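Take a look at the structure below.
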Amino acid sequence: MEKAGQANAMAAAITVSQLNRQVKALLEQGIARLWIEGEISNIAKPASGHVYFSLKDKTAQIRAAFFRQRQHGPTIGLKNGDQVLVFGRVSLYEPRGDYQLIVEQIEPAGEGALKRQFEVLKKMLAAEGLFDEDRKQELPELPTRIGVITSPTGAAIRDIISVLGRRFPSIPVIIYPAAVQGDAAPAELMSALKTAIARDECDVLIIGRGGGSLEDLWAFNNEKLARAIAASPLPIVSAVGHEVDFTIADFVADVRAPTPSGAAELVVPDRDEWLRSINSLATRIARLGQRAIEDRGQTLDWLARRLAQSSPGAMLQRSTTRLRDSKRRLSAAVHRSVADNKHRLELAMRGLHSVSPLATLERGYAIVEDANTGKVLMQASDVSAGDDIRARLARGELIATVTSVKDEQK
């Protein structure tokens, strides 16, 4: 029995790798991501860019790995003895069975209280509607002047001026200097904003600074400054820190830019693209103008022709032309009428001639008349012997005296 139990136990055994894999799964699934506060010790920074260290307190410690792809800010400042807040997940390094913390974010331990203050202020201002999109102002498409509220010696102003000079150098920039870090920064930022609003010489304002820690950016989480930004009649672009940094100023501003350079990109168009658009529009306007000129020219020509046609000279010319045409048509009509009548007369004459006695005479016949009375003799009994008669031939006449009369009826 004992040997059988041992055999069954051996059959159910797992490998070390399987055990570590199961433990890793239990740790990662059973414990959610969390913040842990502790002191850094045994820090190592190999050439891979990853950072390895132990996080400890007075009685315990845990190994931690901060992989390069998770590092959004500089890590060179991390050193042994730093008190930090670490956000990450609990896991197991299977090859050695080491229980460890996979780090996703590191902050100085003092930032924990600041984060809580940030969240409280953010929630309060959001409830008041200061973050609502419907109260935010549109940025001008092409500002005539740009104001920048920042430190006059910081990297942010150099980046902004560089980008503005590259994109649209003809737009002037006014700098309203203010501290962007430290206890005096909120008051100076509000004073600069007040000055910009009072002078009313800019179409848009950029307020911000370069990146830094939460403490470095804390001036832009000031409640009074946030309310001043929200109440500004000028549109404001917030450009605080890097893309991953968020401040209260970002939420109350009309537009949030990820960086100061990004703010400069937002407030002006690209000059070359703008010029291309203008040139394209100018070409279209020129084409439309040329077409309008041509259309107006045609209309003018048409009106000029109508005006010329309605002038007294033109009317007289047309009347003269019509009279000349009428005469020509009348003459032609008369000639046609005469020719037609002549033709008809000739036809009638030919028809009359065909039935005329003269035509009969042409065939050798004669017309005999009483020489004294001119009466045409139709029968021999109309005359007596000794009467004078006239015989009318086709050509000429004969005068004769009847010597005898022969009447067929007798």
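Whether any residue in the range 97-117 is modelled with pLDDT under 90 and closer than 30 Å to Pro233 by Cβ is what I want to check. Within the range 97-117, one or more residues are modelled with pLDDT under 90 and closer than 30 Å to Pro233 by Cβ.
Does Asp57 fit the bill of being modelled with pLDDT under 90, loosely packed, with under 15 Cβ neighbours inside 10 Å, over 30 Å from Gly211 (Cα atoms) and not aliphatic (A, V, I, L, M)? Taking the combined requirement at face value, the residue does not satisfy it. In the range 360-379, the residues that are closer than 16 Å to Gly396 by Cβ and in contact (Cβ under 8 Å) with a residue 12 or more places away in the chain form Cβ pairs under 9 Å with partners that are of a type in the set (Asp, Glu) and part of a loop (DSSP other than H, G, I, E, B), at six or more places apart or across chains, as follows: Ala371/Asp387. Examine the range 205-220 for a residue that is over 31 Å from the mean Cα position of the chain (by Cα) and closer than 18 Å to Asp134 by Cα, and state whether such a residue exists. Taking every residue of the range 205-220 in turn, none turns out to be over 31 Å from the mean Cα position of the chain (by Cα) and closer than 18 Å to Asp134 by Cα. Tell me, yes or no, whether the range 267-289 has at least one residue that is surrounded by 19 or more Cβ atoms within 10 Å (Cβ to Cβ) and in contact (Cβ under 8 Å) with a residue 40 or more places away in the chain. The answer is yes; a qualifying residue exists.
So which residues in the range 27-52 are basic (Lys, Arg) and either more than 11 Å from Leu101 (Cβ to Cβ) or surrounded by 13 or more Cβ atoms within 10 Å (Cβ to Cβ) (or both), if there are any at all?
So in the range 27-52, the residues basic (Lys, Arg) come out as 33, 45.
The answer is Lys45, and nothing else.
Just one residue in the set Thr144, Thr150 is in contact with a Lys or Arg (Cβ under 7 Å, 6 or more places away or on another chain), of a type outside the set (Asp, Glu) and under 22 Å from Glu265 (Cβ atoms); that residue is Thr150.
The strands (runs of 3 or more DSSP E) located wholly in the range 64-166 that include 3 or more residues which are farther than 30 Å from Gln29 by Cβ occupy 146-150.
Scanning the range 191-220 for residues that are assigned to a loop (DSSP other than H, G, I, E, B) and within 30 Å of Ala109 (Cα to Cα) turns up Gly210, Gly211, Gly212, Ser213, Leu214, Glu215, Asp216, Leu217. Annotation note: Cβ proximity below 8 Å between a residue of the range 53-64 that is under 13 Å from Gln100 (Cβ atoms) and not assigned by TED's automatic domain parsing to the domain that holds Ile102 and a residue that is acidic (Asp, Glu) and surrounded by 15 or more Cβ atoms within 10 Å (Cβ to Cβ) (sequence gap 6+ or interchain) occurs for no pair.
The values are calculated or read from the model by the stated rules, or taken from the named source; none is laboratory data. What you see is a predicted model; the values in this text were computed from it and never measured. No Cβ is skipped: glycine too gets one built from the backbone with ideal geometry, and neighbour counts run over all protein chains shown.
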